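Below is one structure, written out as structure tokens; comments come after it.
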Amino acid sequence: MEFLTKVWAKEATNAADVEAPPAAAQNKTNSPASDASASQETTESSDGTSPKDWGYDLYPERKGETFKPKWTKVLFGMEGQENIDRFKCEQNVYWCVKNGPLVKLMMGALKSSGCPIDLRRHISCEVCDPTVTGGYDPKLNQIVVCQNMAKNKSMVHGVLTHEMIHMFDYCNNDMDFRNVDHLACTEIRAANLAHCSFLSAMFQGDASPFNVKQAHQNCVKTKALASVLAVRNISKEDAIAAVERVFPKCYADLEPIGRRIRRNSTDQQKAYMEGPMYGYDVY
């Protein structure tokens, strides 16, 4: 737990000069994503949990709300084109399904596992909270692509790959998203296989010339911790403990991609070509 403990201690030190929030709001400031939605009202569901507890406050349309653009942002061209944005998002999704190596590999792996993807049913472009680019809804078994944040093919490809790893885990590994260890594990796998590289680790502050060997693991831990805190209303201590508990096993699990993807390399194409060797269909 040493690395994440150091990260948390550093954040606590940086925040020492900031006025503490009221006691009633302190449990709602676990992450930037939590801060952005802390003022929203939430209603408890039948199981006693609120949308905040499961991250649904980050996806308003998941709660049946209709996005209403603000006229001030419409004047500056920041909002008011949601239908156009959705059309462009759906175009990017279709392009990734036809041309994205990792997306095609993941779709083939899901089909081989008995969980084929129907684009009309399992992928939805929606307006989300600006702190997220996508998400996976296990209740509806549906991937959300945030049309207001993931605006180009590269971002959509990353979102689809990340969320399809969650879908793959849900299909194959009896994942229980109510179990924080299961959640931490799938976030570790998604960060490990779809996001982290030395460059991204350096931008996050997890890499330097003195810790190159550990840079990738530190990047994965940081991303997984941020994701857990964004969608669960739990303390940082609990989130850190969960990530550290499952990290060795989940970091070593490379299914179904089979390799960690380096930037500016042919790793994506290699992973796609290797899919049939491990029993996965490819598109």
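Which condition number in (1) over 26 Å from Asn179 (Cβ atoms); (2) of a type outside the set (S, T, N, Q); (3) assigned to a loop (DSSP other than H, G, I, E, B); (4) at pLDDT 60 or above is the one that Glu41 fails?
The one condition Glu41 does not meet is (4).
For Met202, are the conditions met, namely being at pLDDT below 90 and either of a type in the set (A, V, I, L, M) or touching a Gly at 6+ places or on another chain (Cβ under 6 Å) (or both)?
So Met202 fits the description; yes.
Residues of segment 248-283 being among the acidic types (Asp, Glu) and not in a helix (DSSP H, G or I), which ones?
Within segment 248-283, Asp253, Glu255, Asp281 qualify.
What is the one condition in (1) modelled with pLDDT of 95 or more; (2) over 30 Å from Asn264 (Cβ atoms) that Arg178 does not satisfy?
Every listed condition holds for Arg178 apart from (1).
Somewhere in segment 226-235, is a residue among the charged types (D, E, K, R), modelled with pLDDT of 90 or more and surrounded by 15 or more Cβ atoms within 10 Å (Cβ to Cβ)?
no
The values are calculated or read from the model by the stated rules, or taken from the named source; none is laboratory data. Everything numeric here is computed off the predicted structure, so don't read it as measured data. Reconstructed Cβ throughout: ideal geometry from the backbone, glycine too, with neighbour counts over all protein chains shown.
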